[in-house]
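Trainee: This is the structure, below, for whatever I ask next.
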Amino acid sequence: MIVNAAGAWGDDVARRAGVAPLGLQPKRRTVVQLRVGRGGLRDVPFVTDSHESFYFKGEGDRSVWVCPLDETPVDPCDAAPEEIDVATAIDRFERAVDWPVEAVERKWAGLRTFAPDGRMKFGFDPDEPTFFWCVGQGGMGIQTAPAASLLCARLILGQPLGRELEGINAADFAPRSLR
Ligand SMILES: Cc1cc2nc3c(=O)[nH]c(=O)nc-3n(C[C@H](O)[C@H](O)[C@H](O)COP(=O)(O)OP(=O)(O)OC[C@H]3O[C@@H](n4cnc5c(N)ncnc54)[C@H](O)[C@@H]3O)c2cc1C
């Protein structure tokens, strides 16, 4: 049995196993850590605008994390931040607050991977019963990991979902059900 939890590479792993891909699309997302010319920022909560064009949140006493909410489609790769996305993040931040940006302390990017219908895909492939998909978590794979991993474990072991997953319908995550 193969459990395919390869993130952005999920379709590549499927092809290598002779299983048809799902059409997964990795999208790059960038975060920058800015040093700002004022203190007391550590507890600044998550702030976003009504257009959802950026968010920021406190990180250190004089630093914030800012994300331009980029969703650039890319091939699976070791993602790195592009200068334009860093600049966009700073620009949107500066338009929203009058806190002076002093420096980019850190910047990084990663991949968020989506199935064509945007839903997470957990389950055996209908055409290959020894191939289990655990992909398509998009931008929620960290926060959903405890429940998702429990669901996957129960499905792989052929066990009832149990009380912890009450109300969850495994069919909603079936790999080839498009909504
Ligand atoms: C900037 C950013 C911010 C995010 N913020 C949040 C957030 O606030 N909350 C949240 O819940 N989620 C967030 N996410 C999304 C979250 O990171 C993903 O949903 C999650 O990482 C997906 O987990 P995964 O294990 O499926 O894939 P990944 O974390 O991508 O792991 C897949 C792993 O498989 C490995 N792999 C691939 N191919 C092979 C192979 N052939 N053999 C062996 N290993 C292989 C890869 O190297 C990789 O380590 C964010 C993502 C980004 C980029």
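Trainee: Could you pull out every residue, at least 5 positions away or on a different chain, whose amide H is within less than 5 Å of the one on Val36? Hs are placed 1.01 Å off N in the peptide plane, and Pro or chain starts have none.
Mentor: Here the answer is Ser63, Val64, Glu102, since their amide H atoms fall under 5 Å of that of Val36.
Trainee: Here is a further query. Taking K and R as +1 and D and E as -1, what net charge do the other residues with C-beta under 9 Å from the C-beta of Arg28 add up to?
Mentor: Residues close to Arg28 contribute a combined charge of -1.
Trainee: How large are Rg and Dmax for the chain when only the alpha carbon atoms are used, in Å?
Mentor: Expressed in Å, the Cα Rg and Dmax of the chain come to 19.5, 58.
Trainee: Compute the distance from the alpha-carbon center of the range 60-124 to that of the range 146-178, in whole Å.
Mentor: Taking the Cα centre of each part, the range 60-124 and the range 146-178 sit 30 Å apart.
Trainee: Top mean-square fluctuation among Val86, Val101, Val135, Gaussian network model of the chain, C-alpha springs under 10 Å?
Mentor: Highest fluctuation of the listed residues: Val101.
Trainee: Here's something else I'd like to know. When only Cα pairs under 8 Å and 6 or more residues apart are kept, what is the percent relative contact order across the chain?
Mentor: 25 percent
Bear in mind that the values in this text are calculations on the coordinates, not laboratory data. Computed from a predicted structure; not experimentally measured. Here the Cβ is made from the backbone with ideal geometry for all residues, glycine too, and neighbour counts use every protein chain on show.
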